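Inspection log for the structure reproduced underneath, given as C-alpha cells.
The values are calculated or read from the model by the stated rules, or taken from the named source; none is laboratory data. Remember, it's a predicted structure, so these values are computed and weren't measured experimentally. Please note: Cβ atoms are built from the backbone with ideal geometry, for glycine as well, and neighbour counts cover all protein chains shown.
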Amino acid sequence: MPYLFIFPNMLIFGLFTIYPAINGFNLSLYSSKNGRAFQWVGFRNFERIVTDNEFWQALGNTLIFVVGFVALSTVFSIIVAVLLESQRRGRSFFRAVFFVPVLLSPVVVGLLWHWMLQRQGGLLNEAIGTVGMSPVPWLAESGLAMVCVVAVGIWTHFGFYTMIVLAGLQSIDGNLYQAADLDGAGGWQKFYLVTLPLLTPTSLVVLILSTISGFQAFDFIYNFTGGGPVGGTTLMVQYIYEKAFGASPHYGLAAAGSVILFVIVLALTLVNWLIGRKNEMD
C-alpha cells in the first residue's frame, strides 16, 4: 500500500527528472547541426567545451558567485535567525518580512532590481542624485555587477535558510543555556560554545542547499543583468542555456556543460556531507 501511494509521484519524478538527466548524459556524446541532425562523436564535445574561453569565464563567474552567495547566506541566516529567536515582540511579523522575497517570482526579482539599479532613472541612483552624488554604474562594470548579483541572490534566498536555522535553534534544549548561565557564561560565550556547535547539522543543510542553489542560479540573473556586462555575470546555467537555445543551437555542447556542472555540484555536495559526518563523529 505505501508503494501504491508514492507511485504517482515517483512516476512523474522519473519521467520529468530522472529520464531527462540520464538522457542528458547520452546527449553529451552526440553532435547536432542546428539541433536536428545527431551524430555520435564520443567525448569530442567535452574536448571542445574545455577549450572554449566563454566556458571558463562562465565557470569562473559561477565559482565567484557561489563562494560569495554560500558564505554570506550561511552567515546572515544564522545571525538573523538568532536575532529573531531572541525577539520577544513582533517575532512573527519579522519572520514574514524576511521570508517574503522567497515567495517572489525570480523573473519579478530580476526585473525589480534591474529597474532599481539601472544607471539612468534607477531608483537607487535617483536617491543618490538627491544628495548631489553622481550616478553609480551598478550594472555597467563587471566587478560591481557581480557584487550586485550576489547581493540580490542573498536577498532572494536567505529568508528560506533563516527558517531552516530557526528550526534548528528551536530544537536546542533550553536547559543547556540555563547550565551555561550557572557557569557564568555571557551571551557571546553561549552563542560560540552552545549554539554554534549544536547548529552544525543545520548549518550543513544550509551549506548544501545554498551550494546547489548557487550553481543553479540563472532565472533572476538572466532578467537582472542578462549575463552582462560583456559576460561578466554569465554563469554556467546561462552558458548551457545559450548553447542549447541560442542562434546556433548545439544540444551536445549544452549537455556536456550540464554533465560538467553536475560533476562539480556532486563533488562539492559530497565534500560538505563528509565534513559534516566527520564533525558529528568527533
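Select, from Arg89, Arg36, Arg48, the only residue that is charged (D, E, K, R) and surrounded by 16 or more Cβ atoms within 10 Å (Cβ to Cβ).
Details: Arg89 fails: surrounded by 16 or more Cβ atoms within 10 Å (Cβ to Cβ); Arg36 fails: surrounded by 16 or more Cβ atoms within 10 Å (Cβ to Cβ).
Selected residue: Arg48, the only one of Arg89, Arg36, Arg48 that is charged (D, E, K, R) and surrounded by 16 or more Cβ atoms within 10 Å (Cβ to Cβ).
Is it the case that some residue within the stretch 256-271 is over 14 Å from the mean Cα position of the chain (by Cα) and not hydrophobic (A, V, I, L, M, F, W, C)?
Yes, because at least one residue in the stretch 256-271 is over 14 Å from the mean Cα position of the chain (by Cα) and not hydrophobic (A, V, I, L, M, F, W, C).
Lys278: free of Cβ contacts under 8 Å to residues at least 40 places away in the same chain, in contact with a Leu (Cβ under 8 Å, 6 or more places away or on another chain) and not hydrophobic (A, V, I, L, M, F, W, C), yes or no?
Working: free of Cβ contacts under 8 Å to residues at least 40 places away in the same chain: yes; in contact with a Leu (Cβ under 8 Å, 6 or more places away or on another chain): no; not hydrophobic (A, V, I, L, M, F, W, C): yes.
Answer is no for this residue.
Show me the helices (runs of 4 or more DSSP H) entirely contained within the stretch 44-125 in which 2 or more residues are closer than 22 Å to Ile240 by Cα and among the charged types (D, E, K, R).
Fully inside the stretch 44-125 and qualifying: 44-49.
Got a sec? Which of Ile164, Ile172 is of a type in the set (A, V, I, L, M), surrounded by fewer than 19 Cβ atoms within 10 Å (Cβ to Cβ) and over 28 Å from Ala267 (Cβ atoms)? Steps first, answer last, please.
On the way: Ile164 fails: over 28 Å from Ala267 (Cβ atoms).
Every option except Ile172 fails the conditions.
In this structure, is Ile212 modelled with pLDDT of 85 or more, under 23 Å from Ile64 (Cβ atoms) and surrounded by fewer than 19 Cβ atoms within 10 Å (Cβ to Cβ)?
Numbers: modelled with pLDDT of 85 or more: yes; under 23 Å from Ile64 (Cβ atoms): yes; surrounded by fewer than 19 Cβ atoms within 10 Å (Cβ to Cβ): yes.
Judged against the criteria, Ile212 is a match.
Yes/no matrix, rows are residues, columns are (1) in a helix (DSSP H, G or I); (2) over 19 Å from the mean Cα position of the chain (by Cα); (3) hydrophobic (A, V, I, L, M, F, W, C):
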residue: Pro197; (1), (2), (3): yes, yes, no
residue: Tyr222; (1), (2), (3): yes, no, no
residue: Gly226; (1), (2), (3): no, no, no
residue: Pro229; (1), (2), (3): no, yes, no
residue: Gln238; (1), (2), (3): yes, no, no
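Of all residues in the stretch 245-258, which are assigned to a helix (DSSP H, G or I) and crowded, with 19+ Cβ neighbours inside 10 Å? Even if it seems obvious, please write down each step before you answer.
Residues of the stretch 245-258 assigned to a helix (DSSP H, G or I): 245, 251-258.
Those that are assigned to a helix (DSSP H, G or I) and crowded, with 19+ Cβ neighbours inside 10 Å: Tyr251, Gly252, Leu253, Ala254, Ala255, Ala256, Gly257, Ser258.
Which residue out of Leu182, Leu193, Leu144 is at pLDDT 90 or above and not aromatic (Phe, Trp, Tyr)? Even if it seems obvious, please write down each step before you answer.
Details: Leu182 fails: at pLDDT 90 or above; Leu193 fails: at pLDDT 90 or above.
Within the list Leu182, Leu193, Leu144, the selection yields Leu144.
In the stretch 53-76, how many are touching a residue at least 12 places away in the same chain (Cβ under 8 Å) and under 22 Å from Gly252 (Cα atoms)?
We begin by selecting, within the stretch 53-76, every residue touching a residue at least 12 places away in the same chain (Cβ under 8 Å); these are 54-55, 57-59, 61-62, 64-66, 68-70, 72-74, 76.
Cutting the leftovers down to under 22 Å from Gly252 (Cα atoms) gives us 54-55, 57-59, 62.
Number of matching residues: 6.
All but one of (1) within 25 Å of Leu266 (Cβ to Cβ); (2) surrounded by 21 or more Cβ atoms within 10 Å (Cβ to Cβ) hold for Tyr241, so report the exception by its number.
Unmet condition: (2).
Does the stretch 126-158 hold any residues that are among the aliphatic types (A, V, I, L, M), buried (at least 18 other Cβ atoms within 10 Å of the Cβ) and in a loop (DSSP other than H, G, I, E, B), and which are they?
Matches in the stretch 126-158: Leu139 only.
Any idea which residue in the stretch 1-17 is nearest to Ala244 (Cα to Cα), counting only those that are outside any loop (DSSP other than H, G, I, E, B) and modelled with pLDDT under 90? Before you say what the answer is, go through the steps one by one.
Taking the stretch 1-17 first, the residues outside any loop (DSSP other than H, G, I, E, B) are 2-17.
With modelled with pLDDT under 90 added as a condition, the list becomes 2, 17.
Values: Pro2: 40, Thr17: 18 Å.
Within the stretch 1-17, the match that is nearest to Ala244 (Cα to Cα) is Thr17.
Among the aliphatic types (A, V, I, L, M) and closer than 30 Å to Asp181 by Cβ: does that describe Val237?
In short, no.
Under the condition of being within 16 Å of Glu242 (Cα to Cα) and out of contact with any strand residue (DSSP E or B) (no Cβ under 7 Å at 6 or more places or on another chain), which residue from the stretch 28-43 is modelled with the highest pLDDT?
Among residues in the stretch 28-43 that are within 16 Å of Glu242 (Cα to Cα) and out of contact with any strand residue (DSSP E or B) (no Cβ under 7 Å at 6 or more places or on another chain), the one modelled with the highest pLDDT is Ser28.
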